[in-house]
């Protein structure tokens, strides 16, 4: 078995160059947005700091989002960069309470990429779009010199119609809200890592990549008062909770024992020194709903296959010694902070 070497994109003290960690969804990503992008682009839609922007066009509310995919390797257990690009974009729309409708796709291809690999990715992308109920209606392709593109990069943008009756944004989160997780954590990150590093585990781990509009729609149709949704991609659950806590100015208390993690993922993380709370997912989300509706919301989610492992994992509090506090399995409490970068770079 190939020796595993964990590359940590540790930040440098000086702010004079872009680091790998700036794309990891952690503290350096936040700083990049706040120092470089927000001062130039700030507007009410961007200020919401959500997975997508909600804009009004005539009498309709549209959700609009864009994302780029640089995952390495291109193909991994349970998926590839193609279906990842579709699901990641439609899920960002779903987190805005919007039904995904249309996608665009931009391909950056490296000279020498095997045509068979491109065909595999494109076929997978088409199948994912049909599964998600969206149409890919426009796109672009560019080719770069050999050695300049790492095989393939994909950028997608998506548009959907907002069906939620109220704004689903971090600002809507209220003290006392229940924090609900849609399923077990870490499968995507471990699946990608297993191929990247040539690792083999006793129990195979496959990516959880999947479209998430179905469970979100189920919550909305049942009349659940959804305050906020966030899919758990770069930086995993921990980063998502910290982002929402920071944007809302509230704290959270999370019960580690309530967070579902499969034995295979937990064992892999223990061997590799990773924390599943920070590992990326592509088919999981967290929902914030009123305490009075938490039990019903979990029941609704468990009735949908992609969120069958849903569980209530904590609550929002008005004051907290740290933005997010985790009560461990043995009863201790620690701050669940946001990492500077990411445990596993190039994961999506």
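Kindly identify segment 76-180 as rounded, prolate or oblate by the Cα gyration tensor criterion: order the square roots of the eigenvalues as a ≥ b ≥ c, call it rounded if a/c is under 1.5, otherwise compare a/b with b/c, prolate if a/b is larger, else oblate. It comes out prolate by the Cα gyration axes. In the chain, the calculated helix contribution to ellipticity at 222 nm averages -8000 deg cm²/dmol per residue, counting -39,500 (n - 2.57) for every DSSP H run with n ≥ 4.
Roughly speaking, what is the centre-to-centre gap between segment 276-348 and segment 201-268 when only Cα atoms are used, to the nearest Å? Between the Cα centres of segment 276-348 and segment 201-268 lies a distance of 5 Å. Working from label points 7 Å from Cα in the Cα-to-Cβ sense, the residue 257 to residue 197 distance is 3.0 nm.
Annotation: extensible slack from residue 145 through residue 271 equals 41.5 nm (criterion: 0.36 nm per residue apart, minus Cα-Cα distance). Counting beta carbons within 10 Å around each of 122, 261 and listing the fewest first gives the order 122, 261.
Checking the a/c ratio against 1.5 first, then a/b against b/c, what shape does the Cα gyration tensor give for segment 276-315? Taking the square roots of the gyration eigenvalues as a ≥ b ≥ c, segment 276-315 is oblate.
Taking the number of Cβ atoms within 10 Å of each Cβ as an exposure proxy, the fewest-first ranking of 15, 213 is 15, 213. Most simply put, the chain has about 80% antiparallel DSSP beta bridges, counting only bridges with both residues inside it. Report the antiparallel proportion of the DSSP beta bridges in segment 20-162 as a percent, rounded to a multiple of 5. So the antiparallel bridges amount to about 75 percent of the total.
Between segment 78-92 and segment 122-198, how many Å separate their Cα centres? Cα centroid of segment 78-92 versus Cα centroid of segment 122-198: 4 Å apart. Modelled spin labels at residue 15 and residue 328, positioned 7 Å past Cα toward Cβ, are 3.4 nm from each other. Ranked by how many other Cβ atoms sit within 10 Å of their own Cβ, fewest first, the residues 64, 288 fall in the order 64, 288. For segment 234-318, the relative contact order comes to 47 percent (Cα pairs under 8 Å, sequence separation of at least 6). Segment residue 34..residue 221, full-extension length gain: 63.7 nm, with 0.36 nm per residue of separation and the alpha-carbon distance subtracted.
Throughout, read-outs are computed from the coordinates displayed, never taken from laboratory work. These numbers were taken from a predicted model, which means no experiment stands behind them. Please note: Cβ atoms are built from the backbone with ideal geometry, for glycine as well, and neighbour counts cover all protein chains shown.
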